1. What number of residues in segment 44-72 are touching a strand residue (DSSP E or B) at 6+ places or on another chain (Cβ under 9 Å), surrounded by fewer than 24 Cβ atoms within 10 Å (Cβ to Cβ) and not in a loop (DSSP other than H, G, I, E, B)?
2. Being in contact with a helix residue (DSSP H, G or I) (Cβ under 8 Å, 6 or more places away or on another chain), surrounded by fewer than 18 Cβ atoms within 10 Å (Cβ to Cβ) and in contact (Cβ under 8 Å) with a residue 40 or more places away in the chain is the filter here; which residues of segment 157-188 pass it?
3. Somewhere in segment 128-137, is a residue surrounded by fewer than 22 Cβ atoms within 10 Å (Cβ to Cβ) and in a loop (DSSP other than H, G, I, E, B)?
4. Contact list please: Cβ distance under 8 Å, first residue in segment 105-119 and on the phi > 0 side of the Ramachandran plot and surrounded by 24 or more Cβ atoms within 10 Å (Cβ to Cβ), second residue assigned to a helix (DSSP H, G or I) and modelled with pLDDT under 95, pairs at least six apart or on different chains.
5. Only one of these is buried (at least 22 other Cβ atoms within 10 Å of the Cβ) and either over 18 Å from residue 253 (Cα atoms) or modelled with pLDDT under 95 (or both): 199, 154, 203, 145. Name it.
6. Among the residues of segment 250-265, are any more than 20 Å from residue 91 (Cα to Cα), assigned to a helix (DSSP H, G or I) and in contact with a strand residue (DSSP E or B) (Cβ under 6 Å, 6 or more places away or on another chain)?
């Protein structure tokens, strides 16, 4: 769902950037108030995992692939403010290092996947949890909320395309919603599996009291980072190569020509392929490792700077 340069007009790109900056600013201020310093490494881990997972496109139908957004998953674990920050960090890394998502569309991509997907996903999750308690309710709520967040983020993207005059709303809306309803199923399944695994490994990181848990998270973060690096290194080179939902819609409806062929920003690792390496598998694997580490570092440093680390706190 990463919008490239050229799909949006200037007014839509600027408006989306302003809204995204405001949303991330609010998230940073809220995280400073509510996110304990001992849980900051978890935010870095969330960014690293989401980055690695987003490289793993899975086949959907009709030659279309999808990938995890991850907003609801992170929101369930760390709260909506942390999720917005983590997703924004991932999108910044993808844009500047890999040309994944246009520079002029960065604000729109952050708005759709970091702001809208997070708020919708977390809101639906909290609503479902009121009616379905227990671990089964936790998994069900997270899965359904993830599906909803994917669909609503796609609706937001369709609206941006329509406002920009790229494609009429009556055409972009059903096309984007139709394919992302299918992609959302994959999002829900992945979210449910990750939540279930965490529930068995570290149940104290889930639930209403998770943000106040005092148990050390260093070992969990270390193992989680190793897992994310493993996904990037060993699995990402074999991800589905089919176009994702937005790319497929653009090709089907005939507006892919709007995309600017030459990126406005010369990324050091374009298209997730490390230059100078002849093996495509190795080039993609190393690019994934670099991106995973950078995403972790960006999210970790960003929040660590804003949330002082008390000297009296044990880790």
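1. Total satisfying the criteria: 4.
2. Matches in segment 157-188: 163, 171.
3. Here is the first cut: in segment 128-137, the residues surrounded by fewer than 22 Cβ atoms within 10 Å (Cβ to Cβ) are 128-137.
Checking the rest, the ones that are also in a loop (DSSP other than H, G, I, E, B) come to 132-133.
Within segment 128-137, one or more residues are surrounded by fewer than 22 Cβ atoms within 10 Å (Cβ to Cβ) and in a loop (DSSP other than H, G, I, E, B).
4. none
5. Working: 199 fails: buried (at least 22 other Cβ atoms within 10 Å of the Cβ); 154 fails: either over 18 Å from residue 253 (Cα atoms) or modelled with pLDDT under 95 (or both); 203 fails: buried (at least 22 other Cβ atoms within 10 Å of the Cβ).
Result of the check over 199, 154, 203, 145: 145.
6. Checked segment 250-265: no residue is more than 20 Å from residue 91 (Cα to Cα), assigned to a helix (DSSP H, G or I) and in contact with a strand residue (DSSP E or B) (Cβ under 6 Å, 6 or more places away or on another chain).
The values are calculated or read from the model by the stated rules, or taken from the named source; none is laboratory data. Note that this is a predicted model, so its numbers are computed, not measured. Methodologically, a virtual Cβ is constructed for each residue, glycine included, from the backbone with ideal geometry; neighbour enumeration extends over all protein chains shown.
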